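Here's the structure, in structure tokens; my notes come after.
The values are calculated or read from the model by the stated rules, or taken from the named source; none is laboratory data. Everything numeric in this text was worked out from a predicted model, so none of it was measured. Quick reminder, even Gly has a Cβ in these numbers, built from the backbone with ideal geometry, and neighbours come from all protein chains shown.
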Amino acid sequence: MSTEQETIEQFTNTEYKWGFTTDLETDLAPKGLTEDTVRFISAKKKEPEFLLEWRLKAFRHWQQMQEPDWPNVNYPPIDFQDAYYYAAPKKQEQLKSLDEVDPQIRETFDKLGISLDEQKRLSGVAVDAVMDSVSVATTFRDELKKHGIIFCSFSEAVHDHPDLVKKYLGSVVPYTDNFYSALNSAVFSDGSFCFIPKGVRCPMELSTYFRINAANTGQFERTLIVAEEGASVSYLEGCTAPMRDENQLHAAVVEIVAHKDARVKYSTVQNWYPGDENGKGGIYNFVTKRGICLGDNAKISWTQVETGSAITWKYPSVVLKGDNSVGEFYSVALTNNYQQADTGTKMVHLGKNTRSTIISKGISAGRSNNSYRGLVRVARNASGARNFSQCDSLLIGDRCGAHTFPYLEIHNKGARVEHEATTTKIGEDQIFYCNQRGIDTENAIGLIVNGYCKEVFRELPMEFAVEAQKLLEISLEGSVG
Amino acid sequence: MKQQESKFQDAVDWYISGFAAFEENLNGGSQLPFHKLRKKAVKKLSENGFPGPRDEEWKYTSVAPILGQAFGLPDAPATESSLEIAPLTFEDADRNLLVFVNGSFSKGLSRLTSQAEGVVVCTLSEALQNHADLVNASLGLFTDIGTGGFTALNTAFAAEGTFIHVPDNVELTDVIHIVHIAEPAKPFVVHPRNLFVFGDNTRASLIETFHGQGPGSYFTNLVSEFIVGDNARVDHLKIQQESTEAFHVSNVNVQQKRDSVFSAVNVDLGGALVRNDVNVELAAEHCETHLFGFYLGSGKQHIDNHTFVDHAMAHCFSNELYKGILDGQSKGVFNGKILVRQDAQKTNALQSNKTLLLTDDASINAKPQLEIFADDVKCTHGATIGQLDDEALFYLRARGISEEMAGAMLRHAFISDVLEGIKLDAVRQNLDAQIIERFTDVKSDS
């Protein structure tokens, strides 16, 4: 028992490996949030009138709203007036090649292991790197252009493709949707925009790396992905953040629109600063992600590996509007120390013969709390709807908690819905088996947990799968169930 | 904490306004210690009101239809009821029978044929007078009047019900059957309050049935408390067959002690709006709990089953199986929560909820919940929602069985494993026959 306790402590003491900060001069909006802040951000970004109007509408709506208190998480009240809502790295001229990128930023990326030029040459991944709200470099733009694909920062999209932005912005997640999406709509700084025209299959995986840098700056990303009829795209989002003491708020919004026969696959690896071993600091990750299968036979698939953040509050959802459309959700959520995660998905079946699959794997260690909260709704006209949900929880140590809150709302007799959930710990016999074969306990746990998450990792693109596996191993160092 | 605005203020005012008159009619009952709890409950009710749609536990069940009517307490019966009781009993299985008509105990219809030494089986009003020590030691101990509104309402107006006390080392060989009959001449509300105390090493089996006679609206607001002693075995069967205009809210609270076994079967066949809460606390090691339930909804019925299994201590086992068949425009709600506390290592908890939807107008909202704080546990839950298997139907049809009959057979087969949970043969067969009858002629309303 004592060795067990020791190893658990060791595990609990594993420090955030990728915590560092880069000193960059930042251009800050005045502290606090008023209509003026919203106007300041909009002016700073030279936005068209319609967007400012939309932001202000969202801001006014946000003022009427109350912070949600239903998630199974605890945190001190956030003072929304005590934060900066805009920070941009000072050097901001348009860059044509990677050489023009600020060497300090380059170095940061190198530390993260995503050296841009290497990525460009070797991996064939177009990277839209976002550092504190403003895109600093975009690669592979030209090649994508050949196919008519638009992949750029949100601010650029606002200037170059205002019609598209106007048409789709807020169409999946309206600013009235919830407290944090309203906040995001009012003050979002930047993000990514992706448009795949009719019949085009995106030749490469699109990727954005997010980082939060300036202290005390909430980052409000806005991502919009539109896949026209028959188009298909795989989109990667991955993040790490430097070590900071003060909690940072992150309230992003991701919207996906899939037209007839379109396919969108959205993968996330999230490893933001989770706070230290005493639960101090760490990032609040309050994200609204939703996709809509507008046309028949469309498919949207979410895959997420959540290992970071002090608090995660995130429900990537799919609205299955078109007949025969498909929604998928694969998730691994790992919490350690005092981390809290309340995450899951919503599958709303509106069209006929729509199908959805939910696979969720929760791992809790230390003193963390991990909740799965999911909704499967089958509307009255969604005959032939089919859902399968499985949510498993793994507990490591006896101070953590695992929770499941599935909601099933079925209004059609033709629907077939199955939900199952299990909670277990790592079997002593499994560890013993590994020990016998010369694998030490630490590695055995890594092995078992990776096996436990296999179903989800299989859904990740190659590069991410490797990264995700490493991430879990790092996070689980020294843990014994 | 945010101050919650008072909910359904009119209904709260209406019920509280009746409290003074109720107090006067207690004939000195207001001097008993229990009356303090009543007053506390009134206070809680006025503070908290009734649950609204924003209460997570009442998300899918609107209580507005219940509170929209001003139900008064029923008039005291002038004469003994002339009801024929035989059809409502299970023949020789019922040697101990307590009958309540419109909330009042009917001596003429009841019979108590067998009682071991020291066993107390009587009405709550009698117990409050004659067994005050036994009652006061336990009444209201495990029922939270702070939540839900209806529990506070029951506690405030609790005057009648059943009290059972089985002393240590006594095994009751005969079943105790409690019958609640409603004959609504005019709309009324009853607040039956039961307290069942089972000592160590006891064994008992209880049946509680609710019947509505004739048309008319009324409201049954039941609270039962079970205290299950060390190594005791208690079976509880509740069959709810209220009239189709009736409201039924029940709150069953169970506390189990070491090595005890509690099994409950909850059957819902009637009622317009039904809400059942079963809360079981496994308060010591090596407890075993079995919760079974099934509900048949048709017409515009709304049936809501909530269960809460609280694993407070280690080495316990709980098993839960609820099944529902929803026809017509009926709505079903299932909310099953399993909580495993930090000390409850080596817990084994199972839960399963299965629902058949027979029409597009029927709907089910299911929420199976797990909250786990201990690592060395095995907990699973499953929920499925579907329809009758076409292939099985075809198989039966191919063998010359009418479509109606085939459907009835499949539905019957669907709930048979819950019926198996009823251990008394006579009772199970009787219920089985009723259900088959219902399946073969329920077609007309779908």
- Task: List the helices (runs of 4 or more DSSP H) that sit entirely inside the stretch A:138-204 and contain at least 2 residues that are among the aliphatic types (A, V, I, L, M) and within 30 Å of A:ASP79 (Cα to Cα).
- Result: A:179-187
- Message: I'd like to verify a number: residues in the stretch B:281-338 that are under 19 Å from B:ASP230 (Cα atoms) and of a type in the set (Lys, Arg), how many?
- Response: 0
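Does B:PHE439 qualify as being surrounded by 21 or more Cβ atoms within 10 Å (Cβ to Cβ) and assigned to a helix (DSSP H, G or I)?
yes
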- So which residues in the stretch B:158-168 are over 30 Å from B:ASN201 (Cβ atoms) and crowded, with 24+ Cβ neighbours inside 10 Å? none
- Query: Do you know which residues across the stretch A:407-451 are within 13 Å of chain B (Cβ to nearest Cβ) and among the small types (Gly, Ala, Ser)?
  - Reply: A:GLY414, A:ALA415, A:ALA421, A:GLY427
- Message: Being β-branched (Val, Ile, Thr), in contact (Cβ under 8 Å) with a residue 60 or more places away in the chain and either surrounded by 15 or more Cβ atoms within 10 Å (Cβ to Cβ) or assigned to a helix (DSSP H, G or I) (or both) is the filter here; which residues of the stretch B:107-148 pass it?
- Response: B:VAL135, B:THR143, B:ILE145, B:THR147
- Subset of the stretch A:299-324 [more than 20 Å from A:TYR407 (Cβ to Cβ) and touching a residue at least 60 places away in the same chain (Cβ under 8 Å)]: A:SER301, A:THR303, A:VAL305, A:THR307, A:GLY308, A:ALA310, A:ILE311, A:GLY322
- Message: Looking for something more than 10 Å from chain B (Cβ to nearest Cβ), among the charged types (D, E, K, R) and under 26 Å from B:VAL333 (Cα atoms) - is there at least one such residue anywhere in the stretch A:348-368?
- Response: yes
- Message: Quick check on the stretch A:36-54. Is at least one of its residues modelled with pLDDT of 80 or more, among the small types (Gly, Ala, Ser) and either surrounded by fewer than 14 Cβ atoms within 10 Å (Cβ to Cβ) or assigned to a helix (DSSP H, G or I) (or both)?
- Response: yes
- Working carefully through the options B:GLU285, B:GLU245, find the one that is among the acidic types (Asp, Glu), surrounded by fewer than 24 Cβ atoms within 10 Å (Cβ to Cβ) and touching a Gly at 6+ places or on another chain (Cβ under 7 Å). B:GLU245
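Does A:SER389 satisfy being surrounded by fewer than 24 Cβ atoms within 10 Å (Cβ to Cβ) and at the interface with chain B (Cβ under 9 Å from one of its Cβ atoms)?
no
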- Message: Can you tell me how many residues within the stretch B:327-357 are more than 8 Å from chain A (Cβ to nearest Cβ) and under 27 Å from A:ARG386 (Cβ atoms)?
- Response: 18
- Message: Which condition from (1) in contact with an Asp or Glu (Cβ under 9 Å, 6 or more places away or on another chain); (2) farther than 22 Å from B:THR113 by Cβ is the one that B:VAL189 breaks?
- Response: (1)
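This table checks each residue for (1) under 23 Å from B:GLY270 (Cβ atoms); (2) acidic (Asp, Glu).
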position: B:PHE308; (1), (2): no, no
position: B:ILE325; (1), (2): yes, no
position: B:GLY328; (1), (2): yes, no
position: B:VAL340; (1), (2): no, no
position: B:GLN345; (1), (2): no, no
position: B:ASN353; (1), (2): yes, no
position: B:ASP389; (1), (2): no, yes
position: B:GLY400; (1), (2): no, no
- Message: Quick check on the stretch A:456-472. Is at least one of its residues more than 14 Å from chain B (Cβ to nearest Cβ), modelled with pLDDT of 90 or more and farther than 30 Å from B:GLY386 by Cα?
- Response: no
- Mind telling me which of the residues B:ALA86, B:ALA76, B:ALA20 ends up being out of contact with any Lys or Arg (no Cβ under 7 Å at 6 or more places or on another chain) and within 19 Å of B:PHE219 (Cβ to Cβ)? B:ALA76
- Item | Sole residue being within 14 Å of chain B (Cβ to nearest Cβ) and crowded, with 24+ Cβ neighbours inside 10 Å, chosen from A:ILE300, A:ILE311, A:ILE396 | A:ILE396
- Identify the residue in the stretch B:126-147 that is more than 21 Å from the chain's Cα centre (by Cα) and not hydrophobic (A, V, I, L, M, F, W, C) and, among all such residues, is nearest to B:LYS44 (Cα to Cα). B:ASN136
- Scan the stretch A:262-289 for residues that are within 20 Å of A:PRO316 (Cα to Cα) and touching a helix residue (DSSP H, G or I) at 6+ places or on another chain (Cβ under 9 Å) and jot them down. A:SER267, A:THR268, A:VAL269, A:ASN271, A:PHE286, A:VAL287, A:THR288
- State all residues of the stretch B:252-275 that are under 12 Å from B:THR220 (Cα atoms) and buried (at least 24 other Cβ atoms within 10 Å of the Cβ); if no residue qualifies, say none. B:GLY271, B:VAL274, B:ARG275
- Can you work out which of the residues in the stretch A:153-191 that are at pLDDT below 85 and in contact with a helix residue (DSSP H, G or I) (Cβ under 7 Å, 6 or more places away or on another chain) is nearest to A:GLY230 (Cα to Cα)? A:GLY191
- Which residues, taken from the stretch A:391-424, are within 28 Å of A:GLU328 (Cβ to Cβ) and basic (Lys, Arg)? A:LYS413, A:ARG416
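When you look at B:ILE422, is it farther than 30 Å from A:SER389 by Cβ, among the β-branched types (Val, Ile, Thr) and assigned to a loop (DSSP other than H, G, I, E, B), yes or no? Let's see the steps before the verdict.
Details: farther than 30 Å from A:SER389 by Cβ: yes; among the β-branched types (Val, Ile, Thr): yes; assigned to a loop (DSSP other than H, G, I, E, B): yes.
Criteria met by B:ILE422.
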- Could you list, in sequence order, the residues of the stretch B:149-166 that are under 13 Å from B:PHE196 (Cβ atoms) and in a loop (DSSP other than H, G, I, E, B)? B:GLY161
- Query: Is there a residue being surrounded by fewer than 18 Cβ atoms within 10 Å (Cβ to Cβ), more than 30 Å from B:ALA366 (Cβ to Cβ) and touching an Asp or Glu at 6+ places or on another chain (Cβ under 6 Å) anywhere in the stretch B:23-43?
  - Reply: yes
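Condition test on B:GLU403, is it more than 30 Å from A:ARG380 (Cβ to Cβ) and of a type outside the set (Phe, Trp, Tyr)?
Values: more than 30 Å from A:ARG380 (Cβ to Cβ): no; of a type outside the set (Phe, Trp, Tyr): yes.
Taking the combined requirement at face value, the residue does not satisfy it.
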- Task: Report the residue count in the stretch A:395-433 for those that are closer than 19 Å to B:LEU350 by Cβ and not in a strand (DSSP E or B).
- Result: 1
- Would you mention how many residues in the stretch A:325-359 are part of a loop (DSSP other than H, G, I, E, B) and out of contact with any Ser or Thr (no Cβ under 7 Å at 6 or more places or on another chain)? 2
- Among the residues of the stretch B:358-390, which ones are surrounded by fewer than 18 Cβ atoms within 10 Å (Cβ to Cβ), out of contact with any Asp or Glu (no Cβ under 9 Å at 6 or more places or on another chain) and within 7 Å of chain A (Cβ to nearest Cβ)? B:ASP360, B:LYS378, B:GLN387
